[in-house]
1. So for region 167-174 (the condition being surrounded by fewer than 24 Cβ atoms within 10 Å (Cβ to Cβ) and either among the small types (Gly, Ala, Ser) or closer than 19 Å to LEU281 by Cβ (or both)), does at least one residue qualify?
2. Looking only at region 307-320, decide whether some residue is part of a helix (DSSP H, G or I) and among the hydrophobic types (A, V, I, L, M, F, W, C).
3. Among the residues of region 116-126, are any at pLDDT 95 or above and in contact with a Phe, Trp or Tyr (Cβ under 6 Å, 6 or more places away or on another chain)?
4. So which residues in region 81-96 are of a type outside the set (Lys, Arg), surrounded by 20 or more Cβ atoms within 10 Å (Cβ to Cβ) and within 18 Å of ASP59 (Cα to Cα), if there are any at all?
5. Return the pair list, or none, for Cβ contacts closer than 7 Å from residues in region 47-74 that are modelled with pLDDT of 90 or more and of a type in the set (Lys, Arg) to residues that are surrounded by fewer than 24 Cβ atoms within 10 Å (Cβ to Cβ) and in a helix (DSSP H, G or I), at least 6 apart or on different chains.
6. Identify the single condition in (1) in contact with a Leu (Cβ under 6 Å, 6 or more places away or on another chain); (2) surrounded by 24 or more Cβ atoms within 10 Å (Cβ to Cβ) that ASN58 does not satisfy, given that it satisfies every other one.
7. Can you tell me which residue in region 97-129 is surrounded by the fewest Cβ atoms within 10 Å (Cβ to Cβ), limited to those that are within 21 Å of the chain's Cα centre (by Cα) and free of Cβ contacts under 8 Å to residues at least 24 places away in the same chain?
8. Checking LYS301 against (1) more than 22 Å from HIS237 (Cβ to Cβ); (2) touching a residue at least 60 places away in the same chain (Cβ under 8 Å); (3) outside the structural domain of TYR134 (by TED's automatic domain parsing), only one condition comes out false. Which one?
Amino acid sequence: MRKFKSLLVAFVLVIFATSTLLAGCAKKTEEPAKQEETKKIKVGLVFDVGGRGDKSFNDAAYAGLERAQKEFGDKIEVKYLEPLAGGENREQLLRLLARDKYDLVFGVGFMFTDAIAKVAKDFPETKFALIDGYVPDLKEDSNITCLLFKEHEGSFLVGAAAALKSKTGKIGFVGGMKIPLIEKFEAGYIAGAKYINPNIQVLSDYIGTTGDAFKDPVKGKELTLKQIKNGADVIYHASGASGVGVIEAAASQKKFVIGVDSDQSLTAPEAQRPYILTSMLKRVDTAVFETIKSMVENNFKGGYKEFGLKENGVGYAENEFNKDLIADIKPRLEEIKTKIINGEIKVPTSKKEIK
């Protein structure tokens, strides 16, 4: 009997020790699993008409998304969507991302304004970033931030560059959709040119009155050739993917052309590069990256954020292809840039203000 009791006690001790050992192992294997479950911030972006590959506005937004993915790859996951050709499903795509519980959703372009205002009300937990659009009465605790740019400041600089390089005293502007936003580009360009030469003539044309005007390179080419025929020897475009036709036409006639939004000489065919004087940089990439960064750092704020020359949100391009082209005018452009930043030059936002 005593022997049986001893065996029973020994058996219980073995069972207890084994249970404790297994529990300890289980605890150790659970801890790494918890570390792996760190929730990533989901970032969605919806392009506007023209989509990725427009070599302009949409591509600039994608560059910001790409930069964020490289820098915060372990903290975020990203997805981008393209609308139908006419852009009529913008709201549907925004809702799709919000329903899929994306934490931050971008709408690339002012055409998203109404859609984002509507969808943001239905998904208060989702943050929305509207590029180039304005939703009134936003506050810091709003779930919408409007990313705005001082396009007129950058356009003033390239307008000055055009006037400094023009030999005919005539320069051109080709806009996409005729709306106040694109007229800001035109106003800054005219003002900058006239700052250099009050007597310069600026020929202006718009491709259309709908969103399709930003994806019509054939019309862009046609208007550029018309302006060149009428004496313009430097052409600036603010027309999205339509600008492909503008650049092609100017280069074919061996006239200078000024790109927009991104540094367009970097993506242009080699034969066109000698004629791309510069590009008016609109740092949509910076705005996208900084907004994602604010989410990663848990510092997102609703309301309005504006990017001008002072914030390095706009400017003019200089690279290996155009460095020599602008070498003689760069000191003057830098002088003008400083005066704008310091407030010595007030850049108009519309043609009415130019006077």
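The values are calculated or read from the model by the stated rules, or taken from the named source; none is laboratory data. Please read these numbers as outputs of a predicted model, since none were measured by experiment. With ideal geometry, Cβ positions are generated from the backbone for all residues, glycine too; neighbour counts draw on all protein chains shown.
1. yes
2. Just the residues of region 307-320 that are part of a helix (DSSP H, G or I), to begin with: none.
Within region 307-320, none of the residues are part of a helix (DSSP H, G or I) and among the hydrophobic types (A, V, I, L, M, F, W, C).
3. yes
4. Hits for region 81-96 are PRO83, GLY87.
5. ARG67/ASP285; ARG67/PHE289
6. Here ASN58 meets the rest and fails (1).
7. Looking at residues that are within 21 Å of the chain's Cα centre (by Cα) and free of Cβ contacts under 8 Å to residues at least 24 places away in the same chain, I get ASP114.
8. Of everything listed in (1) more than 22 Å from HIS237 (Cβ to Cβ); (2) touching a residue at least 60 places away in the same chain (Cβ under 8 Å); (3) outside the structural domain of TYR134 (by TED's automatic domain parsing), LYS301 misses just condition (3).
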